[in-house]
Amino acid sequence: MRPDIIRKAIDGLPVAPNLLDYQAAREAFSWDLVRAELGMAADAPVNIARLAVDRHASGPRAARTAFRFLPALGEPRSLSFAELARATDRFANVLRGLGVGKGDRLYVLAGRVPELYVAVLGALKNGTVVSPLFSAFGPDPIATRIRIGECKVLVTTAGLYRRKVAPIRDQLPSLQHVLLLDQDDGELPPGTCALAELMAAASDSFALEDTGPEDPALLHFTSGTTGTPKGAIHVHEAALMHFATGRYALDLHPDDLFWCTADPGWVTGMSYGILAPLLHGVTSVVDEADFDAERWYRILQDQQVSVWYTAPTAIRMLMKAGPELRQGYRFPQLRFVASVGEPLNPEAVWWGQEVLGLPIHDNWWQTETGGIMIANLPALDIKPGSMGKPLPGVAALIVSRGDGDEIAEVAADDVVGELALRGRWPSLFRGYLGQEERYRKCFSGELYLTGDLARRDGDGYFWFVGRSDDVIKSAGHLIGPFEVESVLLEHPAVAEAGVIGKPDETVGEMVKAFVSLKPGFEAGETLRRELLGHARKRLGAAVAPKEIAFLATLPRTRSGKIMRRLLKARELGLPEGDTSTLEAGS
């Protein structure tokens, strides 16, 4: 049986971690020190794009590659920091020429192509608020988000525009400009402009827009279980958190080759696929293609990736592909692997150790927090299945709600309660667009209430239990779905697992599990009984699932989270709510 902890030997690491003494770093940390390191005066304007791009474009890192783009087909394309500065200046001038200015909203709807990254950073230079959309969205979720944000400019491809936006254009009165990244048949659809032509005519020198720390920079939509999506507003000062967490949670060093696999339509793809590595002046690898296990191993090898930030879904898909595939590749430069999107099951952490030769460091944050809050840090021992410890500058605690929604801190260890964060930090969202009451309910005094249930152990590690509305109440027990899913994933047949509570007259709710299988295993009654027995042996009769159903795939968001609420809705025949972020085919 595997031990409960992976011990870290600092002397054996190829590069000394940025954070060696956890407690000393927490005690010495201040946001003023981060500001000073980024060259930010307390009362001066601050612009994310200046800090991420222009700060490096005329210094010793000007010629260093900022982005290395890997197209689905064809040769890689690189942009240095100096080239990125000129391209983003051109785009900012394009916007200014169109009458688009500070506070206006620009949406991007495209895959991981170079033009998208230039548009995002150029818009930020102009003081324009950027909102990313998944390119897999259909017309309805696109229309909903454009209307909520009163989008003025849309940057997209000709194909996506024709299929998804043109049919609803008359429903979008705020949308004044559509800038196309390509021309699929040589002719522009009515009401659109060719971005390449506008860029060619624009100057590559731009007078940066003055933006203050509290000026809006990013608008990220996050889906609720019902109702309309929530638009979380983030400000330019969020750059401080992106920089600090890139240092401490992702351990970025100046010469790293960094690969964040997140789609830019998701907050991780923006905060850590674009901003954090640029703030550190490191090179980012960007892969345009969809997931393919062999391609990913080849990228790790051929691009000499040293720091890799990915999602549990991708890790489980690599696990599903089998360890034999990995044997054909070598990536000695890879020194740090991290994961985010949903809690990482212990089996996946150990898989990293045994197959990649490196444990996978899970971390936790939300769209609303804007950056990583709790992480398994490079120099600390890993407890597989835990979220890790709060980063410097982050105060996390467990609270309980009393009658009348009074909030009290839970001082004892290993008690399940709601995870809360104390104070205000630069990347904390500043509101839900047009939903002030919904925003207000996220706070109690100086506490941000995350809605996640967790516990803190005696060593200060936090453990995710579940969303407050996911936790199963069965015969007086509070059962976290993640715990049950993790045990099921230990079985060699199981590729993915999702667990829900199903209403039961006797115990209130019974635990039901949905699993997808690895290649070579067949669903059937024999395997079902084997899985039930495995879970009962590991969890006990009170917590183990009473029912198991086999599915070809589990419903997931594009960020990799298993949609338990959708499993429950389909099981009980209830409305599915907002499914706009559902991965295709789920």
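The values are calculated or read from the model by the stated rules, or taken from the named source; none is laboratory data. Everything quoted here is computed from the prediction, not taken from an experiment. Cβ sites come from the backbone with ideal geometry, for glycine too, and all protein chains shown count toward neighbours. Just the protein is used for accessible areas: all its heavy atoms, side chains included, with ligands, DNA and RNA removed. Shrake-Rupley method; radii C 1.70, N 1.55, O 1.52, S 1.80 Å.
The rows are residues; the columns are (1) closer than 19 Å to Phe243 by Cα; (2) part of a loop (DSSP other than H, G, I, E, B); (3) of a type in the set (A, V, I, L, M, F, W, C); (4) out of contact with any helix residue (DSSP H, G or I) (no Cβ under 9 Å at 6 or more places or on another chain).
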residue: Pro14; (1), (2), (3), (4): no, yes, no, yes
residue: Leu19; (1), (2), (3), (4): yes, yes, yes, no
residue: Ala25; (1), (2), (3), (4): yes, no, yes, no
residue: Arg35; (1), (2), (3), (4): yes, no, no, no
residue: Leu79; (1), (2), (3), (4): no, no, yes, no
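Every residue, every condition in (1) open to solvent by 30 Å² or more (accessible area, probe 1.4 Å); (2) part of a loop (DSSP other than H, G, I, E, B), yes or no:
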site: Asp414; (1), (2): yes, yes
site: Arg424; (1), (2): yes, yes
site: Gly434; (1), (2): yes, yes
site: Tyr439; (1), (2): yes, no
site: Thr450; (1), (2): no, no
site: His491; (1), (2): no, yes
site: Ala495; (1), (2): no, no
site: Thr506; (1), (2): yes, yes
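Taking (1) farther than 26 Å from Ala395 by Cα; (2) aliphatic (A, V, I, L, M); (3) within 24 Å of the chain's Cα centre (by Cα) in turn, Leu488 satisfies each apart from (3).
Looking across the stretch 283-292 at every residue that is of a type outside the set (Asp, Glu) and touching a Lys or Arg at 6+ places or on another chain (Cβ under 8 Å), the one that is surrounded by the fewest Cβ atoms within 10 Å (Cβ to Cβ) is identified as Ala289. Selection of the stretch 386-412 for residues being β-branched (Val, Ile, Thr), touching a Phe, Trp or Tyr at 6+ places or on another chain (Cβ under 9 Å) and assigned to a loop (DSSP other than H, G, I, E, B) yields only Val394.
The condition (being more than 20 Å from the chain's Cα centre (by Cα), within 30 Å of Tyr107 (Cα to Cα) and modelled with pLDDT of 95 or more) is satisfied by just one residue among Ile274, Ile233, Ile299: Ile299.
Matching residues to (1) at pLDDT below 95; (2) over 30 Å from Val235 (Cβ atoms); (3) touching a Leu at 6+ places or on another chain (Cβ under 6 Å):
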| site | (1), (2), (3) |
| --- | --- |
| Arg2 | yes, yes, no |
| Ala25 | no, no, yes |
| Ala42 | yes, no, no |
| Gly59 | yes, no, no |
| Thr65 | no, no, no |
| Leu73 | yes, yes, no |
| Phe81 | no, no, no |
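Among residues of the stretch 396-413 that are more than 10 Å from Arg456 (Cβ to Cβ), those with a Cβ under 6 angstrom from a residue that is assigned to a strand (DSSP E or B) and open to solvent by 60 Å² or more (accessible area, probe 1.4 Å), sequence gap 6+ or separate chain, pair up as Val399/Glu409.
Pull up the stretch 367-382, narrow it to residues that are open to solvent by less than 20 Å² (accessible area, probe 1.4 Å) and over 16 Å from Asp459 (Cβ atoms), then point me to the one that is farthest from the chain's Cα centre (by Cα). Selected residue: Pro378.
Restricting the stretch 182-207 to residues that are of a type outside the set (Gly, Ala, Ser) and modelled with pLDDT under 95, which is nearest to Thr157 (Cα to Cα)? Top of the filtered list is Asp182. Across the stretch 37-69, which residue is surrounded by the fewest Cβ atoms within 10 Å (Cβ to Cβ) among those that are assigned to a helix (DSSP H, G or I) and charged (D, E, K, R)? Once the filter is applied, the top-ranked residue is Glu37. On inspection, Lys164 does not qualify as modelled with pLDDT of 95 or more, basic (Lys, Arg) and either crowded, with 23+ Cβ neighbours inside 10 Å or more than 22 Å from the chain's Cα centre (by Cα) (or both). Residues of the stretch 73-97 that are hydrophobic (A, V, I, L, M, F, W, C) and open to solvent by less than 50 Å² (accessible area, probe 1.4 Å): Leu79, Phe81, Ala82, Leu84, Ala85, Ala87, Phe91, Ala92, Val94, Leu95. Picking from residues in the stretch 339-362 that are open to solvent by 30 Å² or more (accessible area, probe 1.4 Å) and acidic (Asp, Glu), the one that is modelled with the lowest pLDDT is Glu347. Of the residues making up the stretch 335-385, those that are part of a helix (DSSP H, G or I) and of a type in the set (D, E, K, R) are Glu347, Glu354.
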